[in-house]
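The values are calculated or read from the model by the stated rules, or taken from the named source; none is laboratory data. Predicted model only: the values in this text are computed from it and were never measured. We place every Cβ from the backbone using ideal geometry, glycine too, and count neighbours over all the protein chains shown.
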Amino acid sequence: MNVFDIIGPIMIGPSSSHTAGAVKLGNVARVLLGNMPVIAKITLYGSFAKTGKGHGTDKALLAGICGYAMDDVRIKSIFKQCPVNYSFEFAENLDYHPNTAVIELSDESITIKMRGASIGAGRVEIQEVDDMQVSFSGDYNTLIIFHYDRKGIIGKITTWLSENGINIAFMKVFRLERNDKAVMVIETDQQVRNYKILENFQEGSRVTYYENTNV
């Protein structure tokens with residue numbers, strides 16, 4: 001347990017789940033895209049859908065997508081400043097966590113879709129990326145590597161990290177099916193510099209990186 005678990009994050013209020021966690025979800029989605037999006041489609045579920053607007057969840061998610069920190073005072077006026085063409089929808093799924101958002105972002109070349117939940121005290125859990133079940137928190141520096149399920153790719157990447165002094169805290173690999181699309185999630189103790197070089201290890205792969213400034 002750390003100080004953020006006790007007193008919560010420094011943020012623009014009123015709720016750590018509905019605002020601080022929502023900013024982080026937006027931030028992670030933007031990192032997965034790798035660029036400032038042109039279009040953002042956001043679907044809110046459960047408590048996010050029912051009470052989120054009153055708690056500023058819509059503003060917080062959009063602010064995160066635009067790259068704002070959870071304590072940025074501009075969150076309050078994000079609708080006037082955001083350069084993204086955005087839309088919000090509301091839905092219900094009893095299998096989802098009550099504070100769930102599905103965020104679909106597009107730029108000029110790619111589209112990503114992410115499902116995540118705000119689980120309290122500004123913490124989040126990313127549960128799905130591009131229809132693949134995943135699990136990571138953003139509590140660590142995190143590499144997200146979109147690749148194809150092929151022999152040797154995991155070994156190449158972990159060897160590069162070791163040679164560059166990067167210690168792996170947690171690592172998970174998810175795939176649609178054998179020899180199909182896959183996502184590698186690597187949470188590290190150190191910041192990862194020059195991570196784009198990892199795209200050279202397999203044709204068609206794409207690497208994004210979420211840096212946790214609190215680590």
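Tabulated data for the structure shown
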| read-out | value |
| --- | --- |
| Hits in the stretch 155-172 (condition: basic (Lys, Arg) and part of a helix (DSSP H, G or I)) | 156 |
| From the options 199, 108, 203, 177, residue that is acidic (Asp, Glu) and touching a residue at least 60 places away in the same chain (Cβ under 8 Å) | 108 |
| Qualifying residue in the stretch 71-79 (condition: at pLDDT 90 or above, closer than 27 Å to residue 206 by Cβ and assigned by TED's automatic domain parsing to the domain that holds residue 121) | no |
| Subset of the stretch 129-148 that is within 10 Å of the chain's Cα centre (by Cα) and without any contact (Cβ under 8 Å) to a residue 60 or more places away in the chain - its residue that is surrounded by the fewest Cβ atoms within 10 Å (Cβ to Cβ) | 137 |
